[in-house]
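For reference, the structure discussed in these notes is given below.
The values are calculated or read from the model by the stated rules, or taken from the named source; none is laboratory data. Only a predicted model underlies this, so the values are computations on that prediction, with no experimental measurement involved. Cβ coordinates were reconstructed from backbone atoms using ideal geometry, including for glycine residues, and neighbour counts include every protein chain displayed. What goes into the accessible areas is simple: the full protein's heavy atoms, side chains included, and nothing from ligands, DNA or RNA. Shrake-Rupley method; radii C 1.70, N 1.55, O 1.52, S 1.80 Å.
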Amino acid sequence: MATAQAFHYRMPRRVAGQRPGSHRGSSLGAGQEFVSHANLYDRPDPRRLDLRASVRSLSREWLVRVSRQRAGVTVQAVVDVSASMAFGAHTPKLQVAADFVEALAFSTFRAGDALGMVAFDATERADLFVPAMLNRGMGEVMSRLIRQCRTAPGSVAGLEQAVARLAPRSGLVFLMSDFHWSLDRLGPVVDALAHNFVVPMIIWDQAEIEPPAQDAIAALDDSESGTSRTLWIRPLLRARWRDNVANRKRELDRFFAARSMRPFYVTGAFGADAMSEYFFEVNA
Amino acid sequence: MGALLDFTQPWMLMALPLALLPLLPNRRDTLQFSHLAWLPADRAGHMLSTAWRACALLAIASVVLALAGPGRSQTQVMRTGTGAEILVLIDRSRSMDERMLTSDWQTLDPLVVRYQAQSRGQPKGKAARDLLSKFVDERPHDRFGLMCFSANPIHVAPITRRTEFIQAGITAGGVGRGLTNTDVGWALNSAIQAFDQRAYSGSRIILLVSDGGAKLATDVRRQLREGLLRNRITLNWIYLRSVNGADFNAISEQSETLPEIALHRFFQSLQTPYTAYQAMSPQDLADAVTDIGNQQHFPIDFIEQIPRRDYSRYFLATAAFFCAMLLAYRAFRLREWS
C-alpha cells in the first residue's frame, strides 16, 4: 500500500472546544495568541505574571497575560457509496475516496483532530459508520471499509440521514460524492451543516467528463437506475457532452458559492498538494 | 396458383419466441455509466439501438423460420398447349454405334460404299441423337418422354415438358458404348405402359428409333396390339438401315423372314396408325423427323406438377444479412472506457 499523502489544513474560523489542537480556538488557555491582561486574583496563574505591564498599570495591581489556546476539531468524512461511485474507467471513484480518507486520517492525526466517517447510499450505511476518534490506525480501517463495501443505488435521502447525525456538532466535514443528483434537495442538507466548515469534494472520473476520443457506438447502462441508452459518439455529440459537463460544473459552483463554499474537484486521483492549496486559499 | 406456405419441421416454430430475446432490457454488451442523465440525448444513437434490436430480432426469427423448413407446397397447374405427347424410344444396342452412309452414297461405287460407310459416316446413334435433339428443340409445345432400350428398357425421362431434361437425357445417351442385346417387344410394351396412368389429353406418339427388328412371340404381339389400342398411340418407326440391312422398299419373298421385315409387317397389321421411315443416311433421317414433326398439332390439356419449393435458403440469406449487420454494429461498438 502506498504511503498516504498528508496535506495541511486549518479551519478558517475560530473553533470552540477545550481539546488542544492546531486550529485557532475561541477558548482561553495555554497558547501563544495574546488576548488581554487580567488581575492575578481573577486568574491566579503566577506563571503568566507580566511584570512590565503590572508596573505600568495605573491601578497598581498584578496583571497576568491571558491568551487563547489552539483547539482540535472533529473531522467527519461523509462518503457517498452509491453505485455510481463504483464507476471509473481505470480506478473506481470509491477508490479515489478511499485514498483520500487514508490521507485525511494521516493528516488529522498529525493535526490532533478526531476523525469519524459516515457513509450513505439511499439510506445511511450503518455498517460503514466509524465514530470520531483520535486513533492512528483508523485511516486504514476506514479506507478498507470503503474499498470493500458493496454499493447500491443512492439518493439525497441517504445524505439527509447521514447529515442528521452530524448536524448539531461543529467541525470540519468533507462531503465526498459525485453529486449525480438533483440540487433541489441538496440545499437544506447543506444548510443543516452550517455549524461545520464543509468541503464539498466532487469526485468525477475522467471517462465521465471527457467523451471517448474515437467515434463509436456506445450502448450504456445507468449503474443506478438500470436504464440504458445508446449514443453514437461523434464530434457533435462530443461537443454536447462537454457542454453538459461544463454546465453541471457551473451549476455546482453557483450552488456552493451561494453558501460560501468552494467545491473541490477530484478527477481520476486525489492530489494532496491540491488539497493543501485549497486550504491555503480558503484561509488567506 | 396456391402459394401456400408450409413447414417441414413445424415444431421448430416453438423456438420463435426466442426472437424476443433482444427486446429484454438487460444486455451483456453494454458499458456501465455512472449517471446517464447528464449525457446528451442522442436521437441517432436511439435509432441505432432500435435498429440493433430489430436486426437481432429478425436474425433470430429468420434462423428459426429457416430451421422450420418453409416452402410452397406441391401444387398442380393445368396448362393448355398444342402438340403431342411423344415418347422417344431409342435403341441403345451396339449396332447403333455403326456409321451411317454419307448423304452422297448414291454417287459412290457400290463396291466402296461399305468401306466408305465405315470410315466416313456418322455413327447412327449420334446422328439420331442430334436430330432428335433438334426435333425436341423445334417443338416447344410438345411433351416428350425418353426411353432407351437394349436387352431391357431403361427409363430415362418420364413424359414431361422440361425440354432441357429431355435434351440432357438425349446427350447422355452418347456416353459409352452400346449394349449387346435388343428386345424390342419388352421395350415397346414398357413404352406403352408409360402412357397407362396418364389422362388422355392429346395425341400420343411412340417414336421408335432403331436399326433392327425382332420376331415377336404371339402373346407379346397381342399385348402390344391391345396396349397401343387401349392408349390410342400412334407408332412411328425410324428404321436406321445398315448398308446390307433389310430394305422396306424392296420386300421380296426371301426377305419376309428377316426380323426387321417381320416387325414391319406386324406393325402394319396393327389397328392403330403406324408409319415407318427408312433412313439410310442422315438426310433420310432428317426428312423422317420433319415428316413426323408435321403430323401432330392438336391442342392438349395437361396437368403439371409443380414440386415443393423450399424457401429456407432465402430465410438463411436474410439471417446472414442481419448477422452481418450485427457484426458491423459490434465492430463499431465502444468496448471500454479509454
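Determine if the stretch B:110-117 includes at least one residue that is at pLDDT below 85 and buried (at least 19 other Cβ atoms within 10 Å of the Cβ).
Let us first name the residues in the stretch B:110-117 that are at pLDDT below 85, namely B:110-117.
Narrowing the set further to residues that are buried (at least 19 other Cβ atoms within 10 Å of the Cβ) leaves B:117.
Yes: the stretch B:110-117 contains one or more residues that are at pLDDT below 85 and buried (at least 19 other Cβ atoms within 10 Å of the Cβ).
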From A:T91, A:T108, grab the single residue that is under 30 Å from A:S143 (Cα atoms), within 14 Å of chain B (Cβ to nearest Cβ), of a type in the set (S, T, N, Q) and open to solvent by less than 80 Å² (accessible area, probe 1.4 Å).
A:T91
Restricting to the stretch A:210-260, name every residue that is within 7 Å of chain B (Cβ to nearest Cβ) and of a type in the set (F, W, Y).
A:W232, A:W241
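So, of the residues in the stretch B:35-51 that are assigned to a helix (DSSP H, G or I) and facing chain A (nearest Cβ under 8 Å), which turns out to be most open to solvent (accessible area, probe 1.4 Å)? Reasoning before the result, please.
So the first thing to find is which residues in the stretch B:35-51 are assigned to a helix (DSSP H, G or I), and the list is B:36-38, B:43-51.
Within this subset, residues satisfying the condition of being facing chain A (nearest Cβ under 8 Å) are B:36-38, B:44-46, B:48-49.
Values: B:L36: 7, B:A37: 72, B:W38: 21, B:A44: 27, B:G45: 0, B:H46: 120, B:L48: 53, B:S49: 15 Å².
My answer is B:H46.
What strands (runs of 3 or more DSSP E) completely inside the stretch A:6-75 contain at least 2 residues that are under 26 Å from A:E102 (Cα atoms) and open to solvent by less than 60 Å² (accessible area, probe 1.4 Å)? Write out each step before concluding.
Details: elements: A:20-23, A:28-39, A:63-68.
Strands (runs of 3 or more DSSP E) meeting the threshold: A:20-23.
Does A:D191 satisfy the criteria of being among the acidic types (D, E), more than 30 Å from A:P235 (Cα to Cα) and open to solvent by 10 Å² or more (accessible area, probe 1.4 Å)? It would help to see each step written out before you state the result.
On the way: among the acidic types (D, E): yes; more than 30 Å from A:P235 (Cα to Cα): yes; open to solvent by 10 Å² or more (accessible area, probe 1.4 Å): yes.
It is true that A:D191 is among the acidic types (D, E), more than 30 Å from A:P235 (Cα to Cα) and open to solvent by 10 Å² or more (accessible area, probe 1.4 Å).
Looking at the stretch A:175-203 only, could you name the residues that are farther than 17 Å from A:V78 by Cβ and at the interface with chain B (Cβ under 10 Å from one of its Cβ atoms)? Lay out the reasoning, then the answer.
First, pick out the residues of the stretch A:175-203 that are farther than 17 Å from A:V78 by Cβ: A:182, A:184.
Selection gives A:S182 alone.
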Pairs please, first residue from the stretch B:199-224 and more than 28 Å from B:D301 (Cα to Cα), second anywhere and part of a strand (DSSP E or B) and not β-branched (V, I, T), Cβ atoms under 6 Å, 6+ apart in sequence or on different chains.
B:S210/B:D91; B:D211/B:L240
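Quick one: in the stretch B:183-207, of everything that is part of a loop (DSSP other than H, G, I, E, B) and open to solvent by 10 Å² or more (accessible area, probe 1.4 Å), which residue is modelled with the lowest pLDDT?
We begin by selecting, within the stretch B:183-207, every residue part of a loop (DSSP other than H, G, I, E, B); these are B:183, B:195-203.
Now drop any that are not open to solvent by 10 Å² or more (accessible area, probe 1.4 Å), which leaves B:183, B:196-201, B:203.
Working: B:D183: 79, B:D196: 82, B:Q197: 78, B:R198: 77, B:A199: 75, B:Y200: 75, B:S201: 69, B:S203: 78.
Applying the filter and picking the extreme gives B:S201.
Matching residues to (1) surrounded by fewer than 19 Cβ atoms within 10 Å (Cβ to Cβ); (2) within 24 Å of A:R262 (Cβ to Cβ):
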{"residue": "A:R147", "(1), (2)": "yes, no"}
{"residue": "A:L159", "(1), (2)": "no, yes"}
{"residue": "A:A164", "(1), (2)": "yes, no"}
{"residue": "A:V173", "(1), (2)": "no, yes"}
{"residue": "A:G187", "(1), (2)": "yes, yes"}
Tabulated pairs, the stretch B:12-34, first within 14 Å of chain A (Cβ to nearest Cβ) and surrounded by 11 or more Cβ atoms within 10 Å (Cβ to Cβ), second in a strand (DSSP E or B) and among the acidic types (D, E), C-beta under 9 angstrom, 6+ apart or interchain
B:R27/A:D221; B:T30/A:D221; B:L31/A:D221; B:Q32/A:D221; B:Q32/A:D222; B:F33/A:D221; B:F33/A:D222; B:S34/A:D222
Report yes if some residue within the stretch B:287-300 is part of a helix (DSSP H, G or I), open to solvent by 70 Å² or more (accessible area, probe 1.4 Å), hydroxyl-bearing (S, T, Y) and over 30 Å from A:P212 (Cα atoms); otherwise report no.
yes
Within the stretch B:208-261, tally of residues that are aromatic (F, W, Y) and either part of a helix (DSSP H, G or I) or in contact with a Lys or Arg (Cβ under 9 Å, 6 or more places away or on another chain) (or both)
1
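Taking the conditions exactly as written (away from chain B (no Cβ under 14 Å) and under 20 Å from A:T123 (Cβ atoms)), does A:E160 satisfy them or not? Steps first, answer last, please.
Details: away from chain B (no Cβ under 14 Å): yes; under 20 Å from A:T123 (Cβ atoms): yes.
It is true that A:E160 is away from chain B (no Cβ under 14 Å) and under 20 Å from A:T123 (Cβ atoms).
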